[in-house]
């Protein structure tokens, strides 16, 4: 592990080293192998570091077959002399805060409720852990409070390399998955865990933990949270959203929920009233179309008419006059649509008529003998489609 500088000191941001090899992988991505490195490769749930090598961007770091590959944006022009590496410290420290926060929160659930963590993901915006049990809101709040108490205590965080035989000396939260090169991350008296990630020197540097929500998944629970600067970022985003809502709803923060509920209820009432008014207008329109029927059939072509309106018109007409046949077409932005319907006492198969006409507009559709619909390309006009339907009916 001597070449992994991030294990010697997680706070190293710059270093000098030599290039051992420069190559490309099977996908053509350039990478270099270094004599030693401070770049942390992705692993154990923690993302990789980024930064530069002689000013060239390091975009990914992976440990493959025992070698740490630094994937770079462009090949290094000169690798004979020492090169300078620089870590993106803001990203590194963020990962240190989130990863250590996960250790603390998982240990809090273990200590308080004997609930184990079985999954961990450090994302770009939030962190999640999967808990091997169902939990209550009270347990969530208690674990969060315990975790923040540990952070405020500013306890030291120690790292130690041990053998598998030495593990029995420590009250491990869970057994490591490796049997060699076992690295322990220890918060004395609180948490003993095998981990290969980067961590700060004390719990105080995590700053704070805030649980954002939980999602139940069968017998497990996925918990979403943030630590450190991400807590401030979340607070800022939520404050901006609340400030905007306060302005829009003309309501103080304490009564925002009630104001939003009133607005939603009012909107539902208006939607119902609009539907009633629309039904009345469609009924009036249907009666006018019934008056203008031609030899027991109603033919009508529209432009920019929703297919839902066409369906409702056809159903109203055939319900009021069960001896009528109805053909309605519409030219819309997304092509050409049609509705075919007949009353109970009228003759003809709407399904067959629609099937005969749809190929002419490269269309698709279906239905029954009583009611059919379909749509296709606007290769002809709505009026021309209506004429084809009339012809097919005859």
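The values are calculated or read from the model by the stated rules, or taken from the named source; none is laboratory data. It should be emphasised that the depicted structure is a prediction, and the values quoted were computed from it without experimental measurement. Using ideal geometry, Cβ is built from the backbone for each residue, glycine included, and neighbour counts are taken over all protein chains shown.
Quick notes on this structure:
- Residue that is assigned to a loop (DSSP other than H, G, I, E, B) and in contact (Cβ under 8 Å) with a residue 24 or more places away in the chain, where the choices are 372, 346: 346
- Residues that are in a loop (DSSP other than H, G, I, E, B) and either under 26 Å from residue 191 (Cβ atoms) or without any contact (Cβ under 8 Å) to a residue 24 or more places away in the chain (or both), drawn from segment 82-100: none
- For residue 391, the requirement of being in a helix (DSSP H, G or I) and buried (at least 17 other Cβ atoms within 10 Å of the Cβ) is not met.
- Within segment 312-343, the set of residues being assigned to a helix (DSSP H, G or I) and out of contact with any strand residue (DSSP E or B) (no Cβ under 9 Å at 6 or more places or on another chain) comprises 312, 316, 319, 320.
- The criterion of being in contact with a strand residue (DSSP E or B) (Cβ under 9 Å, 6 or more places away or on another chain), surrounded by fewer than 19 Cβ atoms within 10 Å (Cβ to Cβ), without any contact (Cβ under 8 Å) to a residue 40 or more places away in the chain and in a helix (DSSP H, G or I) holds for residue 309.
- Flag if residue 201 is surrounded by 13 or more Cβ atoms within 10 Å (Cβ to Cβ) and either in the same structural domain as residue 66 (by TED's automatic domain parsing) or over 21 Å from residue 117 (Cα atoms) (or both): yes
- Residue list for segment 193-209, filter: assigned to a strand (DSSP E or B), over 28 Å from the mean Cα position of the chain (by Cα) and at pLDDT 95 or above: 202
- Meets criteria (in contact with a helix residue (DSSP H, G or I) (Cβ under 7 Å, 6 or more places away or on another chain), surrounded by 18 or more Cβ atoms within 10 Å (Cβ to Cβ) and in the same structural domain as residue 192 (by TED's automatic domain parsing)) for residue 128: no
- Candidates 37, 14, filtered to the one that is modelled with pLDDT of 95 or more and either over 24 Å from residue 228 (Cβ atoms) or surrounded by 15 or more Cβ atoms within 10 Å (Cβ to Cβ) (or both): 37
- Counted as qualifying within segment 1-56 are the strands (runs of 3 or more DSSP E) with 1 or more residues that are under 34 Å from the mean Cα position of the chain (by Cα) and within 18 Å of residue 92 (Cα to Cα), namely 51-53.
- Residue that is closer than 26 Å to residue 327 by Cα and either loosely packed, with under 10 Cβ neighbours inside 10 Å or free of Cβ contacts under 8 Å to residues at least 12 places away in the same chain (or both), where the choices are 295, 265: 295
- Checking 223, 282, 212, 235 one by one, the residue that is outside any strand (DSSP E or B) and either in contact with a strand residue (DSSP E or B) (Cβ under 6 Å, 6 or more places away or on another chain) or over 30 Å from residue 108 (Cα atoms) (or both) is 282 and no other.
- Qualifying positions in segment 153-181 - touching a helix residue (DSSP H, G or I) at 6+ places or on another chain (Cβ under 7 Å) and over 21 Å from residue 119 (Cβ atoms): 153, 154, 155, 157
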